[in-house]
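Okay, so here's the structure we're looking at.
Where a number appears in this text, it was derived from the coordinates with a stated rule and is not lab data. Being a predicted model, the structure only gives us computed values, none of them experimental. Heads up, the Cβs are rebuilt from the backbone with ideal geometry, glycines too, and the neighbour counts pull from every protein chain shown.
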Amino acid sequence: METSEFNGLTIHGARELLDRGEVSSVELTQAALDRVGQVDGRVKAFVTVTGEFALAQAKRADERIAEGNAGPLTGVPMQLKDNMSTKGIATTCSSRMLENYVPPYDATITRKVFDEGAVLVGKGNLDEFAMGSSTENSAFFQTHNPWDLERVPGGSSGGPASAVAAGECVYALGSDTGGSIRQPASLCGIVGMKPTYGLVSRYGLVAFASSLDQIGPLTKDVEDCAIVLNAIAGHDPNDSTSINIDTPDYTKALVPDLNGLRIGVPKEYFVDGMEPGVEQATRKAIDVLQGLGADIVETSLPHTPYSLAVYYILAPSEASANLARYDGVKYGYSAQDADSMWDALEKTRQHGFGPEVKRRMMLGTYALSAGYYDAYYKKAQQVRTLIRQEFETVFQELDAVVMATSPSVAFKLGEKMDDPVQMYLNDILTMPANIAGIPGISVQGGMSDGLPVGFQIMTKPLNEETLLRIAYAYEQATDWHAMRPEL
Ligand code: GLN
C-alpha cells in the first residue's frame, strides 16, 4: 500500500480493505512504518517505534483474518501514549525518571486492544507525566503540529494527536486529566474523547491525578471513536474506580439527525481572550446542530470560571502524592553519585524530574500542608462539588452542552513556555468535564487562519451515546473532518 493511501485511512476504512482481502495487515503496518519514516523526523510524534513488534502482531492479525476471526481493530496500526504500560516495551512518560523503565505488565487497555488484534506501531510523546498543554514539557524533544511545523500540537497527548493527524497511525489512545485528549485533538484537527470517569480502566496508566485521569480515543472520525470506545470501555476489577456496568454497542448511537434533542450553550464558555476565529467557528457549529433538528437554548454554568483554580489545586495535590513513589529505589532513574540514602533520594528527584513536574509537586505539597489544607485543598473539593451539581442541574433539562474545545488555535512553539498561567489557560474549556467526571468530545469544528478549530460536546455521566450521536450528526453535515494536513 502507498503511504499516500494509508495517510487518510480510518479504522472502518481499513476494516473493509482487510476483510475484502485487498490489503493485508502486514502491508498496512509496513505502510504505517514507511509513513513514520517519511514524516516523523519533522513531526516527532513517537518516543519509541516498535517496528518488529508491530510486524509480528500484523502477521498474527492476518492469520486471524484468514480464519474469519477478526474484531473491528484486528490488524489496524495504532499508537499508545507513552504513559500507558506495555509489557516488554519502554514506557517513559517522556521523563528522564522513566527513560529506561520497561514495565513487566500491560495496562488493561493495552491488553484489551491487543486481545482484539490491534497492531502497536509505537509509543507517543507527551508532556512529562502528562503535565502540560503543548508537549513542550517532554524531557526528550518537542512534537510539531502537522498543520504547521512551527506550532505546537497541543498536549499533553501531543504525540498521539499529531501521529493520527499526520497519518502515521490510524488511531491512538491518549489520557485526559484536564483536557489532554480533547485540546490536542482540537489543535490537530481530529476527534478526541474523554469518557465518563470510571468507564475506561486506569490500571497501568501512570497516575497523574487519579480522581481526574481518564483514557480515551484519538481518531480521524466519530465512527472510529465509537469503535475504539467499544474496545476499551468496561469494568475492570484492577481499578477500584472502574464502573461496573454493561456497556452498549456505541456504534449503534451513530444516527445522522438530532430531532428531539435539547442542547445548551453555556454563556460562560465564550471566555475572555477567545480568538475571534474560534468564536465564529463555534457559533457556526451551533447553527449546524440547530439545522439538524436540535433545540438550542442558552444556559448558564456560573461556577465555570473557578474550574481552573480548582484544577490547579486538586491535580497538583494528587500529583504530589502519586509522584512520591519515584525514589530511585524501586524502579526508574537512580542517582549513583550519592553518599547517603537522603542524598540519593534528593539527587534522583532533582535530576529525574523536569521543571514543570517540580512546579506541580511544590504547588500540591503546599496546598496539602498543615495550615493550608482547609484553605486550599478542602475549599477546592467543595467548589468541585458545586461544579458537579451545576452540571447535574442543567442535565435535568438538557441532553448536552456545547462549546469550543480550546480558546485558541495551535500556537507557536515557545510562545507560552515562559508563562505557566497562559499555558494553563489553554484548558479552561476542557477542565470542567474532568472536575465533574462527565464525558466530553472534541470534533473538527472549522478552520481559522489555516489551522483547525475544535468543537466540544459534553453530556451527563455514562451518556456517551448521546455525545457520539451529536458528534456524528455534526460530522456528517460538515466537511471539516475530511481535511488533512499536507506534509
Ligand atoms: N494541561 C493540563 C495540565 O497541564 C491538563 C493535562 C492533562 O489533561 N493531562 O495539567
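Any chance you could count how many residues in the stretch 160-190 are within 13 Å of the ligand (Cβ to nearest atom) and small (Gly, Ala, Ser)? Total satisfying the criteria: 8. Residues in the stretch 16-49 that are of a type in the set (A, V, I, L, M) and either touching a Phe, Trp or Tyr at 6+ places or on another chain (Cβ under 8 Å) or within 18 Å of ALA118 (Cα to Cα) (or both): LEU17, LEU18, VAL23, VAL26, LEU28, ALA31, ALA32, LEU33, VAL36, VAL47, VAL49. Give me the pairs: first residue in the stretch 254-273 and closer than 30 Å to PRO305 by Cβ, second residue among the small types (Gly, Ala, Ser) and in a loop (DSSP other than H, G, I, E, B), beta-carbon distance under 7 Å, and six or more apart or on different chains, which are they? What qualifies is LEU258/GLY293; LEU258/ALA294; LEU261/ALA294; ILE263/ALA294; PRO266/SER300; LYS267/SER300; GLU268/SER300. The set of residues in the stretch 24-83 being surrounded by fewer than 20 Cβ atoms within 10 Å (Cβ to Cβ) and of a type in the set (Gly, Ala, Ser) consists of SER24, GLY37, GLY41, GLY51, ALA56, ALA66, GLY68, GLY71.
Just need a number here: residues in the stretch 191-221 that are within 11 Å of the ligand (Cβ to nearest atom) and aromatic (Phe, Trp, Tyr). Of the residues in the stretch 191-221, 1 are within 11 Å of the ligand (Cβ to nearest atom) and aromatic (Phe, Trp, Tyr).
Considering every residue within the stretch 401-417, establish whether at least one is part of a helix (DSSP H, G or I) and polar (S, T, N, Q).
Checked against the condition, which is being part of a helix (DSSP H, G or I) and polar (S, T, N, Q), the stretch 401-417 yields no hits at all.
SER242 falls short on exactly one of the conditions (1) within 24 Å of THR177 (Cβ to Cβ); (2) more than 16 Å from the ligand (Cβ to nearest atom); (3) in contact (Cβ under 8 Å) with a residue 60 or more places away in the chain; (4) surrounded by 18 or more Cβ atoms within 10 Å (Cβ to Cβ), and that condition is (3). For GLU128, the criteria (1) within 12 Å of the ligand (Cβ to nearest atom); (2) out of contact with any helix residue (DSSP H, G or I) (no Cβ under 8 Å at 6 or more places or on another chain) hold in every case but one, which is (2).
Please verify whether the stretch 436-456 includes one or more residues that are part of a helix (DSSP H, G or I) and among the β-branched types (Val, Ile, Thr).
No; the residues of the stretch 436-456 include none that is part of a helix (DSSP H, G or I) and among the β-branched types (Val, Ile, Thr).
Taking the stretch 137-246 as the region of interest, the helices (runs of 4 or more DSSP H) fully inside it that hold 3 or more residues being under 21 Å from GLN476 (Cα atoms) are 182-188, 222-232.
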